[in-house]
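The values are calculated or read from the model by the stated rules, or taken from the named source; none is laboratory data. Not measured: the values here are computed from a predicted model. Positions of Cβ are backbone-derived with ideal geometry, glycine not excepted, and every protein chain shown enters the neighbour counts.
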Amino acid sequence: MAATDAQPSSKPADPGSGPARRNATKRLVGLLAALLLVSYLLGGGARTGTPKGTEVPLSEILAEAKDAEKVVVDEGTGFVEAHLPDGSVEYASYPAGAIDELLPRLADSGVTLDVKPAPKPSLLPSVLLTLLPVGLILGFFLFMGKKGGMGGLGGLGNLGLGKGKAAPVDVPSTKFVDVAGVDEALEDLQEVVEFLHNPTRYTKTGAKRPRGFLLVGPPGTGKTLLARAVAGEAGVPFYAITGADFVELFAGLGASRVRELFNKARAQEKAIIFIDEIDAIGKARGRGVQTGANDERENTLNALLVELDGFSRHDGIVILAATNRVDVLDPALLRPGRFDRAITVPAPDRVGRRKILELYARNRPFAEDVDWEQLARRTQGMTGAQLEQLLNEAALEAARRGRERIEGADMETALATTVLGRERRSAAVSERDRRIVAWHEAGHAITALLLQDADDPVQVSIIPRGGTGGATWMTGNEHDLVTRRQAAARLVVALSGRAAEELLLDGDYTQGAHGDLSMATRLATEMIARYGMGDRLVSRSDEKLVFDGPVSQEIDEEVDRMLVASLDAARGLLRERSRLLEAVANELLDKENLDLADLRRLETENPA
């Protein structure tokens, strides 16, 4: 329940806030300034007291000293005065530390010499200078304590929630309709909202709701957005903090922050606490080298565990946390009664990506030629944050081109920019290199188009982007299970760029296929060592055995045989369709970009 409006009160002003705090700050600053001034005036650090007379260079004083009636050297002010026979006075300053050289030269001139030694320094400035840093430090802690409303050193860990009654916290405006692509997570979190609205529905059957919900997923999948949506849907205050905010330099401040956060939430009848990146404080204890920083983090974790155990008396409080490293969390956090339900928030599937794209496209003007289904297929593996970035990049591209609506061409450019980087139109690419890149990408596209078990190529480009000279985009699929024939087809497609270069260069090739070869090697190793798709039905999931064990050479030999066979298959297919390969390469040189329709048209025009 949201906090009610504050009523007028006759209580005295809190000294930690408002005019009282400002007055205290002014007094503190004034006191420190006075200490500095007294120390400056009494410390003898400044040379004061300019004598009367005419200022001349020190060399002139030394030259006229023998004709003067007397010479006065004042070590306190740093001046030397020459009293002349006509009653005039000339003076000059001498460098600090030069007194030992100055006095003998004046004495040699035979003039009457009057030396006034520097006064002995007072102990007061030394004491003030010693106490000043201590006063500054104590004043800083006093100021922070007043500011945080906690007093003393605890104020340094202030969360900004105020003192006494919990400060009113805004209820997020985000609702479940603002979240897409994570339907299963929404279903689990819907129970939180229902429990906050109608807890008797569960208590009648003796059910107890989970005390903590841990959102687990890679970065950018919408864990924070989900937490805000739960609070917005339930209409309760939302206290959000990151795990790093609990990590402090000074001992005890992290635990103090934990206690303050939970106290503020308990002051509300119903509330949601959200701790993002909880792994910053929730790492398993006893691992690695123990340092002071680890001790402070463990103290903070202990305080968090104690607060979680105290939630049984506050059924209106729900705690959510998010992490992408659940494997490093302390088991005590994950036991029943604390974070006893883990909700996986994965990267969205094809249907989820389409929903996310349409959600973020609601307030943007899009043309009718934007194919959301095709775009969802081509963005396999992207998270919600990356899809939002994709649409924003498309809007920027449309604005650069002076359009009022975002067209399909803008989406194509934005997708390439998001994945590979911006176009390098200024790159000096020779005609020879362009031709090699065109044949390389044409090889990928043709094998993907002709092989039954390969994904279809949706776009081919030879425009340099980032560190690449060109790219071939596949449709992708949402199959969790991959057959051996599908994996073998991926190997052939990956190595077909190298095969196309060999056909163009009469058996020679460039280093341009190094990325394809690395990917193919990883896939072939997985097929043989883990999935049992090699000649032997053996799975060796232990990486030490694969890369460093006695069977590593055996695996390498089988991987090499599989890659050579895939390269031979690509060579044979491209030789059979050499006319099509040359036609696709030539059209790429002309247009720089080809889509699936262009490839199918060229296939029809250039039959086997």
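State yes or no: is Arg485 in contact (Cβ under 8 Å) with a residue 60 or more places away in the chain and touching an Asp or Glu at 6+ places or on another chain (Cβ under 9 Å)? Considered against the rule, which asks whether it is in contact (Cβ under 8 Å) with a residue 60 or more places away in the chain and touching an Asp or Glu at 6+ places or on another chain (Cβ under 9 Å), Arg485 comes out as no. The residues of the stretch 306-365 that are within 26 Å of Ala267 (Cα to Cα) and of a type in the set (Val, Ile, Thr), listed by number, are Val306, Ile317, Val318, Ile319. Residue-level check: of (1) assigned to a helix (DSSP H, G or I); (2) touching a Lys or Arg at 6+ places or on another chain (Cβ under 9 Å), Gln452 misses just (1). Just one of the listed residues (Gly243, Gly206, Gly181) is farther than 16 Å from Leu305 by Cα and either within 24 Å of the chain's Cα centre (by Cα) or touching a residue at least 12 places away in the same chain (Cβ under 8 Å) (or both), namely Gly181. Taking the condition outside any loop (DSSP other than H, G, I, E, B), farther than 18 Å from Arg465 by Cα and modelled with pLDDT under 90, does Gln380 pass? Answer is no for this residue. The set of residues in the stretch 350-386 that are hydrophobic (A, V, I, L, M, F, W, C) and within 16 Å of Asp183 (Cβ to Cβ) comprises Val351, Ile356, Leu357, Leu359, Ala376. In the stretch 323-347, of all residues being out of contact with any Ser or Thr (no Cβ under 9 Å at 6 or more places or on another chain) and in a strand (DSSP E or B), the one that is surrounded by the fewest Cβ atoms within 10 Å (Cβ to Cβ) corresponds to Thr344. Whether any residue in the stretch 564-582 is basic (Lys, Arg), in contact with an Asp or Glu (Cβ under 8 Å, 6 or more places away or on another chain), at pLDDT below 95 and not in a helix (DSSP H, G or I) is what I want to check. No, every residue in the stretch 564-582 fails to be basic (Lys, Arg), in contact with an Asp or Glu (Cβ under 8 Å, 6 or more places away or on another chain), at pLDDT below 95 and not in a helix (DSSP H, G or I).
Residues in the stretch 481-521 that are of a type in the set (Ser, Thr, Tyr) and part of a helix (DSSP H, G or I): Ser496, Ser518, Thr521. For the stretch 496-527, what are the residues that are of a type in the set (Val, Ile, Thr) and more than 19 Å from Val559 (Cα to Cα)? Matches in the stretch 496-527: Thr510 only.
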